[in-house]
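The block underneath contains the structure these notes are about, expressed in structure tokens.
The values are calculated or read from the model by the stated rules, or taken from the named source; none is laboratory data. All values reported here derive from a predicted model rather than from experimental measurement. So basically every Cβ, Gly included, is an ideal-geometry build from the backbone, and we count neighbours across all protein chains shown.
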Amino acid sequence: MQAGPSHDKKPAMSERNDQVWHFVGIGGVGVSAVARVLHQQGVRVQGSDVRESQLTLGLRALGIPVMIGHRAENIAGADVVVHSTAVREDNIERVAARATNTREAHRSETLGLCLEGRESVGITGTHGKGTVSAMITHILVEAGLDPTFLIGGILNNYGTNARAGQGPHAVAEVDESDGSHLNLMPHHVVVNNIEVDHLNYYSGLDDIVTTMARFVEGNTCLRTLALNWDDAGARSLGEALKVPFLRYGTGDGALDYAARDIEDLGDRVRFTAWAGDHALGPITLPIPGAYNADNAAGAIAIAMGALKLPFAVVQRALDTYRGLENRFTVRRAGGLTLVKDYISHPTGMRRVLESARKIEHSRIWCVFKPYRFTLMRYHGEEYAEAFRGADDVVITKMYAAEERPIDGIDTPWFVDVLRTAGNRVHYVEENADVVPFLEGQVQPGDMVIFFGGDDFFRMADAWADAREAR
């Protein structure tokens, strides 16, 4: 395991309002959430990022100073320099902080500050944690409890990824990718799933499960733990724990909370909610993706099993939950159906494709940029199986992040793995060439799914705008 963030130093709550907190990479969705909430809680916040974005503009609108470009002078006057794991030690502002003996703090430590003094809910897992966090947040809002929330995506119900509420609760998406969840001690915890991921930090599944067990058993504030009993990794965690926990899922076994009789209706998902062996009533999520019934079961487990909210409130909230931006987001333009989804893990992609086929379409195209050598090496065959749900797949040049190359693992290798499994694959190396290629291939009625990040989503939006303008 590589060295992760510090787990022993905690910024002093009593000092925070007297200090200036500078956030490096303040436009990141997770970092911006913390900066926004601390600002709303009265902390003096500023930050920098490499480019202007929707998130930096939103922070500016709140009155937070945001500097574009990383420079040593940006941290002048700062008492604490905050960074995420994505910001390397050789970043010029982090170097300047060390040179001037300015205290550094990991983003997870400042997330802990946002949660202090509130009954907190932390949601973690390989995928789905943002959706479960957003569902719990919306339930609390519908209950009139005005929660604080910090989520790695923009909630379509509220148009923001974070807000400092006046109520007694706080909800946070807890990132396990770099071990930084060990810095946090939420009162209620959801582990939505555990699969092999983030192999730039972890050595394998056993390492991930062991670290998650440390997160749970080292949490002296823990009151409730909910595990997704549909997931093999979460079951392995449960078997390793001594603390009690709630079981949730979609299966027929003994579950504390469940979503059953699931109907995937294309643009919405209907199911019956259960508590133990008692049917609570029907819920219709107005978003696509049958897997969201599983996410909803996790939200119900916390809302009812931990926070003791009535089912009528839960039902009303989930029936009006509008999802997260760029999570199975559907837009129809110029005769095409365009879908955007952040997921890059093959399990999540397979689930998206399974539900996408329930939406009217002619052919399904997927556009994907392979991400990290370690992830591709470990999951190559699973990606090949996941893409069998598409008719055509467009692959662009692999993004390595900070990883060193692995012999034999590159984009041509990945394309060959997909083709060997029977997938129809088109290699378009550069992002700029993807839309021109698709324009010459797609037909009216086709669906194009962009799996990845903001660069692909900007591409999809610009393409949709251009087709609508014709």
Item to complete: With the condition kept exactly as written, say whether any residue in the stretch 65-85 is at pLDDT 95 or above, out of contact with any Leu (no Cβ under 7 Å at 6 or more places or on another chain) and loosely packed, with under 12 Cβ neighbours inside 10 Å.
Response: yes
Worksheet item: If R377 passes every condition in (1) in a helix (DSSP H, G or I); (2) surrounded by 18 or more Cβ atoms within 10 Å (Cβ to Cβ); (3) in contact with a strand residue (DSSP E or B) (Cβ under 9 Å, 6 or more places away or on another chain) but one, which one does it miss?
Response: (2)
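Specify the residue that is nearest to the chain's Cα centre (by Cα); the eligible residues are those in the stretch 233-251 that are under 27 Å from H278 (Cβ atoms) and among the hydrophobic types (A, V, I, L, M, F, W, C).
A234
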Worksheet item: Quick check: is even one residue across the stretch 426-433 farther than 26 Å from A462 by Cβ and out of contact with any Leu (no Cβ under 6 Å at 6 or more places or on another chain)?
Response: no
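I'm checking my understanding of the structure. Among residues of the stretch 400-412 that are of a type outside the set (D, E, K, R) and surrounded by 16 or more Cβ atoms within 10 Å (Cβ to Cβ), which one is modelled with the lowest pLDDT?
My answer is A400.
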Discussion item. Which condition from (1) touching a helix residue (DSSP H, G or I) at 6+ places or on another chain (Cβ under 6 Å); (2) closer than 15 Å to V34 by Cα is the one that P65 breaks?
Written reply: (1)
Response to the item:
Here the qualifying pairs (Cβ atoms under 6 Å; residues six or more apart or on different chains; first in the stretch 68-89 and under 12 Å from F23 (Cα atoms); second of a type in the set (S, T, N, Q) and part of a strand (DSSP E or B)) come out as H70/S48; N74/S48
Worksheet item: So which of R107, R103, R44, R51 is under 28 Å from G453 (Cα atoms), over 21 Å from the mean Cα position of the chain (by Cα) and among the basic types (K, R)?
Response: R51
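Would you check which residues across the stretch 394-447 are hydrophobic (A, V, I, L, M, F, W, C), part of a loop (DSSP other than H, G, I, E, B) and over 28 Å from the mean Cα position of the chain (by Cα) and list them?
Of everything in the stretch 394-447, those that are hydrophobic (A, V, I, L, M, F, W, C), part of a loop (DSSP other than H, G, I, E, B) and over 28 Å from the mean Cα position of the chain (by Cα) turn out to be A421, V442.
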Practice prompt. Filter the helices (runs of 4 or more DSSP H) completely within the stretch 231-350 down to those with at least 2 residues that are surrounded by fewer than 20 Cβ atoms within 10 Å (Cβ to Cβ) and out of contact with any Lys or Arg (no Cβ under 8 Å at 6 or more places or on another chain).
Written response: 232-240, 311-319
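This table checks each residue for (1) out of contact with any Leu (no Cβ under 7 Å at 6 or more places or on another chain); (2) of a type in the set (D, E); (3) outside the structural domain of T85 (by TED's automatic domain parsing); (4) free of Cβ contacts under 8 Å to residues at least 12 places away in the same chain.
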residue: L375; (1), (2), (3), (4): no, no, yes, no
residue: Y378; (1), (2), (3), (4): no, no, yes, no
residue: D392; (1), (2), (3), (4): yes, yes, yes, no
residue: I409; (1), (2), (3), (4): yes, no, yes, no
residue: Q441; (1), (2), (3), (4): yes, no, yes, no
Worksheet item: Scanning the stretch 1-59 for residues that are polar (S, T, N, Q), closer than 19 Å to N183 by Cα and assigned to a loop (DSSP other than H, G, I, E, B), which turns out modelled with the lowest pLDDT?
Response: Q2
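Out of all the residues in the stretch 208-222, which are under 22 Å from the mean Cα position of the chain (by Cα) and more than 16 Å from D175 (Cβ to Cβ)?
Once the filter is applied, which keeps residues that are under 22 Å from the mean Cα position of the chain (by Cα) and more than 16 Å from D175 (Cβ to Cβ), the stretch 208-222 yields V209, T210, A213.
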